[in-house]
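A short worksheet on the structure shown next.
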Amino acid sequence: MAILKTARLGHPVLLRIAEAVADPTTAEMRRLVADMVETMEDANGLGLAAPQVYRSLRLFVWRVDDGVAAIFNPQITPLEGPAEPYFEGCLSIPGLRGEVTRPSRIAFRGLDMAGQVIEGTAQGLAARVMQHEQDHLDGVLYPMRMTDLSRLGFTEELARNQDP
């Protein structure tokens, strides 16, 4: 496994629509997932999308209660329920956080590392992380979702002023 370099805001790979993964069962994909997990954990992140490590592929990893999960070619659908604001951060935009409103419940569907269909629902922080990572696959960064840029700031300044 290896810690991968992370693309930062301004790099064109973060603005592209990522390509579908033809076969998630290959050794190359297993190695990429392992490296992405190690990279995410090293940075203390909650999720990481392949475009963030310079791979324009429809794949992301995220933390789950008992470890980490990976999903290839995900499809996410908002479910009934409130949309909630929350301050998000991003490994590709280090040091900043911004308030983004997202649906609190989602349904997801995609492929696991064995090429099997996985589907389910998520809510709360898990739903938010999955939507954030899905956005990366569509070339969208969280500031593009913000409706009030006065709610964007450096993490330290927000903490000093008692914003999340």
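Each value in this text was obtained by applying a stated rule to the coordinates, not by laboratory testing. Quantities reported herein were computed from a predicted structural model and do not represent experimental measurements. Cβ sites come from the backbone with ideal geometry, for glycine too, and all protein chains shown count toward neighbours.
Taking trypsin sites (Lys or Arg not before Pro) across the stretch 1-51, the ones in a DSSP loop with at most 11 further Cβ atoms lying within 10 angstrom of their Cβ are LYS5.
Divide the volume of the convex hull around the Cα atoms of the stretch 83-161 by the residue count and you get 101 Å³ per residue. Distance between the pseudo-spin-label points of SER56 and THR147 (7 Å out from Cα toward the beta carbon): 3.2 nm. Charge tally for MET130 (other residues, Cβ to Cβ under 15 Å; Lys, Arg +1; Asp, Glu -1): -1. Taking 0.36 nm per residue of sequence separation and removing the Cα-Cα distance, the GLU157/ILE17 pair yields an extension gain of 47.1 nm. Applying the Karplus relation 6.51 cos²θ - 1.76 cosθ + 1.60 with θ = phi - 60° to the stretch 141-155 yields 3J(HN,Hα) values of 9, 4, x, 6, 8, 6, 9, 9, 5, 6, 9, 10, x, 5, 3 Hz, where x marks Gly and Pro. In this simple spin-label model, placing a label point 7 Å from the Cα along the Cα-to-Cβ direction at both THR26 and ALA107 gives a separation of 3.1 nm. Modelled label positions at THR121 and ILE3, each set 7 Å beyond Cα in the direction of Cβ, lie 3.9 nm from each other. Are there chymotrypsin sites (Phe, Trp or Tyr not before Pro) in the stretch 34-130 that DSSP marks as loop and that have at most 15 other Cβ atoms within 10 Å, and which are they? Sparse-neighbourhood loop chymotrypsin sites (Phe, Trp or Tyr not before Pro): TYR54. Cα-based values for the stretch 5-81, radius of gyration first and Dmax second, are 12.8, 40 Å. Seen from all directions on average, the stretch 6-49 presents a Cα convex hull projection of 3.7 nm². Helix 124-137 against the longest principal axis of the chain: what's the angle in degrees, Cα atoms only, rounded to the nearest 10? The answer is roughly 70 degrees.
The P(r) of the chain has a tail past 27 Å containing 20 percent of all C-alpha pairs.
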